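In what follows, a structure is listed as structure tokens, so that the remarks can point back to it.
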Amino acid sequence: MTIRPFKPEEMGQARLLWEECFEDDPSFLDWYFHYRFYPQDGLGLFAGQQLLSDLHLSPRKIKIRRTLYPSAYLIALATKPTFRNQGLAKRLLTFSLRHLATNKIFFTFLMPFNIEFYTRLGWEVCYHHHLYTLPAGLKVNSLNNLRVYQSEPSYAFLAKIYHLWSERFDGALRRAENDWQCLLYDHFSDSGKIWLASNETSEPLGYALTLTPSKTEKQLLIRELAYTNPSLAKPLLAQLSAHHLGTALFWTAPAENNFCTFTPTAVRPVLLGRITDVRQALEALTYPPINFKCILEICDPLLPENTGKYRLMLTAGQMRVLKTGDEVADLRCSIGTLTRIMIGTAWPKEEVLDGKLKLNSPELLPLLDILFPKTTNYINEYF
């Protein structure tokens, strides 16, 4: 068996495997394999010329601690039913992480079919969605000069608003024109609508991507709610509510959502994250201009080359990491916990309290919280 990127003439096999493993509309697959998936972005495990398992590595740019990094969104891990439970998926994931690290891609994320399957292999929950609700009939103050109306699909207006909105939190992916085209295609395939908010001079100030409720449903799902200023969120929601009388509004937002006084009705894990190479990922990250050193011990259940002790040496904000040997570790954690700390999902002190980060030198904790601060993380991407 061999693992390698797809050849263009093997795309048909990739689609057939998708159809065998997932239940998706043929029109979606027509679009996905024409506009979204390219041979060089997929890895297949082959027995001779027969495809047994595959994985799509969608290249994206993700914001971590205010800096954009190349990353891979892992999509559609699939194995032919007759070859399952033979460790093929694990082999493919192992190869993919090494393949990505070799290509200087140190951050991966995915939407899991089963969280436990991936956490056993070193991924951890890094991104959550906070679900908010505006009950039907609840009055919310609006703005007299704000106009909310249905709009034709134009990614240019949306992209400008999205950029300003997503600047306030980490995790947001940088969307290129093709990303917007894909998002809008998927949205309108689900009978979605675009609502645009503007002022008296027709300047776009916010938007809502909504999914049309059925006649029996009394709720409107907002797929994405974005605005140029947090003060516009409530008025935008108020006018959406006025356009959908008797209907409750549902939407997701970042955790530290200070745009209004609504309380989340639920918090759900959405995406898992994982670094591919400990040394290179730590050296790629940005840090405050301070000095720091410690011995870090990592356990990686999938990549033995990541397991071991590392000497971290930060000088004026520049990190250097060396693999070391018998020195006593100042701190120990799994590759997944390290990912959460690096991405900003949790403070180091929170991981210590949860028992996921072990400290032999407690005096390091205040500095660790400075080096790896918790940030507001939010991703709203599905493919």
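The single condition among (1) modelled with pLDDT under 90; (2) in a loop (DSSP other than H, G, I, E, B) that residue 149 does not satisfy is (2). Only one of these conditions is not met by residue 76: (1) assigned to a strand (DSSP E or B); (2) at negative phi. Which number is it? So the condition that residue 76 fails would be (2).
When only residues in region 323-333 that are surrounded by fewer than 17 Cβ atoms within 10 Å (Cβ to Cβ) and without any contact (Cβ under 8 Å) to a residue 40 or more places away in the chain count, which is nearest to residue 98 (Cα to Cα)?
Per the stated criteria, the residue is 324.
Quick one: which of 302, 367 is touching a residue at least 12 places away in the same chain (Cβ under 8 Å) and either assigned to a loop (DSSP other than H, G, I, E, B) or within 30 Å of residue 175 (Cα to Cα) (or both)? Give the steps one after another, and end with the answer.
Numbers: 367 fails: either assigned to a loop (DSSP other than H, G, I, E, B) or within 30 Å of residue 175 (Cα to Cα) (or both).
Exactly one residue qualifies, and that residue is 302.
Note on region 113-130: among residues that are in a loop (DSSP other than H, G, I, E, B) and among the aromatic types (Phe, Trp, Tyr), the one that is farthest from residue 76 (Cα to Cα) is 123.
Would you mind stating whether residue 313 is under 12 Å from residue 294 (Cα atoms), touching a residue at least 24 places away in the same chain (Cβ under 8 Å) and in a strand (DSSP E or B)? Step through it out loud before you land on a result.
Numbers: under 12 Å from residue 294 (Cα atoms): yes; touching a residue at least 24 places away in the same chain (Cβ under 8 Å): no; in a strand (DSSP E or B): yes.
Against the criterion (under 12 Å from residue 294 (Cα atoms), touching a residue at least 24 places away in the same chain (Cβ under 8 Å) and in a strand (DSSP E or B)), residue 313 does not qualify.
The residues in region 317-345 that are modelled with pLDDT of 95 or more and out of contact with any strand residue (DSSP E or B) (no Cβ under 9 Å at 6 or more places or on another chain) can be counted, and the count is 1. Residues in region 69-94 that are farther than 16 Å from residue 44 by Cβ, of a type in the set (S, T, N, Q) and surrounded by fewer than 18 Cβ atoms within 10 Å (Cβ to Cβ): 82, 85. Screening residue 61 with (1) closer than 30 Å to residue 378 by Cα; (2) in contact with a helix residue (DSSP H, G or I) (Cβ under 9 Å, 6 or more places away or on another chain) gives one miss only, at (2). Condition test on residue 101, is it under 25 Å from the mean Cα position of the chain (by Cα) and among the small types (Gly, Ala, Ser)? Criteria met by residue 101.
Filter region 24-53 down to residues that are in a loop (DSSP other than H, G, I, E, B) and more than 23 Å from the chain's Cα centre (by Cα) and give me whichever is nearest to residue 76 (Cα to Cα).
First, the residues of region 24-53 that are in a loop (DSSP other than H, G, I, E, B): 24-25, 37-38, 48-49.
Then drop every residue that is not more than 23 Å from the chain's Cα centre (by Cα), which leaves 25, 48-49.
Numbers: 25: 15, 48: 22, 49: 20 Å.
Checked region 24-53; the qualifying residue nearest to residue 76 (Cα to Cα) is 25.
Pairs meeting the criteria (first residue in region 96-123 and of a type in the set (S, T, N, Q), second residue surrounded by 15 or more Cβ atoms within 10 Å (Cβ to Cβ), beta carbons under 6 Å, at least 6 apart or on different chains) are 96/43; 96/55; 108/72; 108/74; 108/274.
The values are calculated or read from the model by the stated rules, or taken from the named source; none is laboratory data. Computed from a prediction, not measured in an experiment: that's the story for all the values here. Quick reminder, even Gly has a Cβ in these numbers, built from the backbone with ideal geometry, and neighbours come from all protein chains shown.
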